[in-house]
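The values are calculated or read from the model by the stated rules, or taken from the named source; none is laboratory data. Values in this document were obtained by computation on a predicted structure and should not be read as measured data. Note: ideal-geometry Cβ built from the backbone for every residue, glycine included; neighbour counts use all protein chains shown. Surface accessibility is based on the protein's heavy atoms, side chains included, excluding ligands, DNA and RNA. Shrake-Rupley method; radii C 1.70, N 1.55, O 1.52, S 1.80 Å.
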Amino acid sequence: MLDLPGRWDIVKNVRQKGKKVAAVFPIHYPRELLQAHGIHPVEIFGPPGWPTQTADRHFQSYTCAIVRRGFSFLHEKVLSHVDLVVVPHSCDALQGMASVLMDFTENGKPVLTFYLPRSRRKEDEAFLVNELRRFFQALTPISGRIPEEAELKKAIRLNQHVFGILEKLWEEHVLTGWSNLEFFRLLRAREYLPAEDFLRYADTAPSHFRRIRPKGRILLSGIVPEPMDLLHLLDELGLLVVADDLACSSRRVYRNSDLVSDAFPCLAQCLMAGPPDPTRGDPIKQRFFHLVKLAQKHRAGGILFFLPKFCEPELFDIPLLTKMLQDEGLATLVLESELESSLSQQMVTRLEAFAELVADRTEHLLKFKETPA
Amino acid sequence: MMQPNRSRLRYLLGYRCFAKPALYVRFLAGFRKPGKTGQNTALNAPVGVSAWKKAGLANHYLEGRYVEGVRKVAWVTSGAPIEILRALGFYVFYPENHGALCGARKVATEIMQAAEQQGYSPALCSYARTDLGSLLSGKTPLQKIPRPDLLLACTNICQTVLSWYRCLAEYLNVPLYLIDTPFLFRDATPDQIDYVKRQLEGLIPVAEQVAGRSLKWSRLRQVVSWSKEATQLWLEVLETAKAKPSPLTAFDGFIHMAPIVEQRGETHAIRYYRDLLKRLQNRIQRREGAVKEERFRVLWDNLPVWYRLRHLAEFLAERGVNVVASTYTYAWAELAPMMDSNRPLETIARTYLHVFLNRPARSKLKVMEKMIHDFQIDGVILHSDRSCKPYSLGQMDQRDHLVSRLNVPALLLEADHNDSRAFAEQQIRTRLEAFVEMMEQRK
């Protein structure tokens, strides 16, 4: 099993080195700007099973678990170890949480927000450039410095390099059939490891990964695969995740080949270039084409949507998207979770049935691909 | 879709020559059944407007049945800047208002089940579920909803509308134009205003292409000035409730807000509110309250519970409670001073950015505090609306603040604006009774 340091070991480590730490909520944010300021981002996705009593004093029960667990975790464990909190306006629930954090809780730490436009037009990109500048300036009182353009560009290049490595890792994973659990533990380590450390692990860890014998190939979609038991179960069922459409993972791979322009426009272009995402307002059809393309490229037989309960941007897409995907011959399964510490028996049963269905489809697809036209 | 000539003929003969005159005759002759309110309840008969004005409002929906193929139709979100569309002659339809109408007619739950059967989660906004259910099942109390040529979504009320309209765009295969309004944690910056203004500039050629005509700026300025006037009148209407006893309840306000949402930028809304204001002022002079014995004055926060509007109004009135104001109705009134017809695009951008729901919880609390002071409020009911998260998140802290810092009784009432399955009748009665007792003790 991959031996990674824990999230809070890293926080402690980074702080001991005199660096500042930011607790960052999902989804999209300019990691490069934090890095250029010498601030280390540590992301908060849950964690699963964390008690929600603290949040229950502020949020109704119909608020998603990412907010309720994250808010509780932030107050009970994180705040005293970080220098600021970043809350991107990813949805109404996270925006509401940012508002409560800023207006009603006395946490003594600055809370910064970030707004990624909900479309990808020229005017959206122009706004994003300004929004990035505003965010960058807001970091100065915290970091106590104004980074040079070169530092910014360096951070952008570093992250582009990481994106390249991620792509290579995926290629290898699909070819080799690494354990989903181990592979995703590595991918998700990017949520809290410094980029250099992540690259080191990405280079060395995979050679120790366990391999599974895939009976079926699937895509994994949603926000975050928590609890990670899910991936362990997929390993056991012989379902190989050949690509993902997760908010915590591939939806945040912002590839940009043009690194010539000034730092802020360049970073804006990167963020505008991410894959289709319901929280960014992309048309459902675009997302459908993206998923079908991934499924065809990797010969996946099905798509597993693993969603947090009450997640409006995801839930609105599901009826149309699953119908379109089923019409394309792909099996789909939608599971809603509240970031519990383990999977329910009901979920396990549904996943077992899904695995059988996908195994059939994958076999059919493989045969179909091998048959000459 | 019908042939243009056939549509036009149907519009001219069916709507202009027959249905519209018949509607006005029906209203003027008072053929509609009078409501029961005022006869055997603790409420006086609500202040209405003339039959002519009422007919003008009903006519908006009536025209919708005939308008397809004659005028271009846009479906818009309730907070969308519709002035450009009005100036281009669009017939503007509000799915949210349609949802509210379904709720008030108590058919929303049945309609939204059609959407749920297709896989739409019961956790989603119940307006959206009602609208999608209506689209998928064809059920509507309006008989017919005109098919849109354009969808306009503005994120100033929530991000939900964007998800919802993306589904509509897919089902209806029509263009969706987005006005994205960044959330204002503080006052809008020039960058944010410029961003919205640029999107409005981008809307013009898209809407012109759909409408098949060019925008006349003089017309746009006129529409903006009508919007401003109607909004100002609506504010004056709501402020009559400052009188003691209040001549209207927030429940009346929920009904009377239809023109400010649907007919903003049209002269009918102005005429409607002028008439209503005059009648309310007369009532103030007569010292006649909306509630026969007004003992407590209450503020309502969040959307109404459409399917229990009358029930709640009567239940509270029987206990001497007049819900005199609501943050929801006020949201369409407070920004009137921002509009300036001489600088239409910039002021549209500024105004629509600053709407109540696009501002943080602290700012909403400040509005509530002001209303508590201005309307001499004894207590606050915060409707914790299960399927409207942007309005509801923050209410628990707002409630605590009202109780602990302002010493105002405040009740968090769990329900849903359109989904009657979320309304626990007995529990709500008990909680409201306890709330009234609490106010009683403080008198």
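Listing for the model above:
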{"quantity": "Within segment B:294-443: Cβ-based charge dipole about Cα centre, in debye rounded to nearest 20 (Lys, Arg +1; Asp, Glu -1)", "calculated": "260"}
{"quantity": "Net +/- balance of residues flanking A:LEU231 in space, Cβ distance below 13 Å, scoring K and R +1, D and E -1", "calculated": "-3"}
{"quantity": "Estimated buried accessible area (total), pair B and A, 1.4 Å, Å² to nearest 100", "calculated": "4300"}
{"quantity": "Approximate shape of segment A:282-356 as ellipsoid semi-axes (Cα gyration tensor, √5λ), whole Å, largest first", "calculated": "22, 17, 9"}
{"quantity": "Rounded to 5, percent antiparallel among DSSP beta bridges of the protein assembly as shown", "calculated": "5"}
{"quantity": "Fraction of the pair-distance distribution of chain B above 44 Å, Cα-Cα pairs, percent", "calculated": "8"}
{"quantity": "Over chain A, relative contact order from alpha-carbon pairs under 8 Å, at least 6 apart, %", "calculated": "18"}
{"quantity": "Cα-derived Rg over Rh, computed across segment B:152-311 with Rh taken as Kirkwood radius", "calculated": "1.04"}
{"quantity": "Most mobile of A:VAL162, A:VAL260, A:VAL358 in a GNM of chain A (Cα contacts under 10 Å)", "calculated": "A:VAL260"}
{"quantity": "Residues of type aspartates and glutamates that B:LYS228 reaches as a straight line, Cα spacing below 15 Å, ignoring anything fewer than 8 places off in the same chain", "calculated": "B:GLU83, B:GLU236, B:GLU262, B:GLU266, B:GLU334, B:ASP340, B:GLU346"}
{"quantity": "Surface share of carbon and sulfur [accessible, 1.4 angstrom probe, percent] for the protein assembly as shown", "calculated": "50"}
{"quantity": "Inter-label distance for B:ASN5 and A:VAL260, nm, one decimal - labels placed 7 Å from Cα along Cα-to-Cβ", "calculated": "5.8"}
{"quantity": "Chain B, helix-only ellipticity at 222 nm - DSSP H runs n ≥ 4, -39,500 (n - 2.57), divided by all residues, nearest 500", "calculated": "-15500 deg cm²/dmol"}
{"quantity": "Within 10 Å of each Cβ in A:126-134, the average number of Cβ atoms from other chains", "calculated": "3"}
{"quantity": "Dipole moment magnitude, nearest 20 debye, the protein assembly as shown about Cα centre, only Lys, Arg, Asp, Glu C-beta charged", "calculated": "2700"}
{"quantity": "Residue order for B:ARG271, A:ARG213 - accessible surface, 1.4 angstrom probe, largest first", "calculated": "A:ARG213, B:ARG271"}
{"quantity": "GluC sites (Glu not before Pro) restricted to segment B:273-343 and DSSP loop, no more than 16 other C-beta within 10 Å", "calculated": "B:GLU288, B:GLU293, B:GLU318"}
{"quantity": "Cα-projected label distance for B:ASN282 with A:GLU76, points at 7 Å along beta-carbon direction, nm", "calculated": "6.2"}
{"quantity": "Segment A:265-323 - Debye-derived log10 I(q)/I(0), Cα point model, q = 0.26 Å⁻¹", "calculated": "-1.15"}
{"quantity": "Furthest towards positive pole of dipole, B:LEU184, B:TYR11, B:ALA434, structure part chain B, Cβ charges", "calculated": "B:TYR11"}
{"quantity": "Test item: B:180-187 mean partner chain Cβ contacts at 10 Å", "calculated": "5"}
{"quantity": "Cβ-defined net charge surrounding A:TRP8, 11 Å radius [Lys, Arg +1; Asp, Glu -1]", "calculated": "+3"}
{"quantity": "Lys/Arg +1, Asp/Glu -1 at C-beta; segment A:32-89 dipole; positive extreme among A:ILE44, A:VAL85, A:GLN60", "calculated": "A:GLN60"}
{"quantity": "Subset of B:LYS197/B:LYS278; A:LYS168/A:LYS293; A:LYS309/B:LYS364 violating a 29 Å alpha-carbon distance limit", "calculated": "B:LYS197/B:LYS278"}
{"quantity": "Surface/4 estimate of mean projected area, convex hull on alpha-carbon atoms of the protein assembly as shown, nm²", "calculated": "36.2"}
{"quantity": "Most mobile listed residue (A:PRO319, A:PRO227, A:PRO308) in chain A, GNM with C-alpha springs under 10 Å", "calculated": "A:PRO319"}
{"quantity": "Dipole magnitude (debye, nearest 20) for segment A:100-146, charges at Cβ of Lys, Arg, Asp, Glu", "calculated": "220"}
{"quantity": "Packing rank of A:137-146, B:111-120, where each peptide gets the mean count of other beta carbons within 10 Å, highest leading", "calculated": "B:111-120, A:137-146"}
{"quantity": "For A:320-331, mean number of other protein chain Cβ atoms within 10 Å", "calculated": "1"}
{"quantity": "Among A:LEU240, A:TYR254, A:ALA205 - extreme Cα towards positive end, dipole of segment A:160-273, charges at beta-carbon", "calculated": "A:LEU240"}
{"quantity": "At least 30 Å² accessible surface lost relative to isolated chain, residues of segment B:196-236 (1.4 Å probe)", "calculated": "B:ARG198"}
{"quantity": "Kirkwood hydrodynamic radius (C-alpha pairs) into Stokes-Einstein, segment B:337-392, 4 °C and 1.567 mPa s, D in µm²/s", "calculated": "96"}
{"quantity": "Lysine pair number, Cα distance threshold 16 Å (strictly under), segment B:1-159, separation 8 or more or different chains", "calculated": "6"}
{"quantity": "Summed residue charge, Cβ within 15 Å of A:PHE104's Cβ, Lys/Arg positive, Asp/Glu negative", "calculated": "+2"}
{"quantity": "Compactness of segment A:185-282, expressed as Rg and Dmax over alpha-carbon positions, Å", "calculated": "16.0, 48"}
{"quantity": "Solvent-accessible heavy-atom area per residue, rounded to whole Å², over the protein assembly as shown at 1.4 Å", "calculated": "39"}
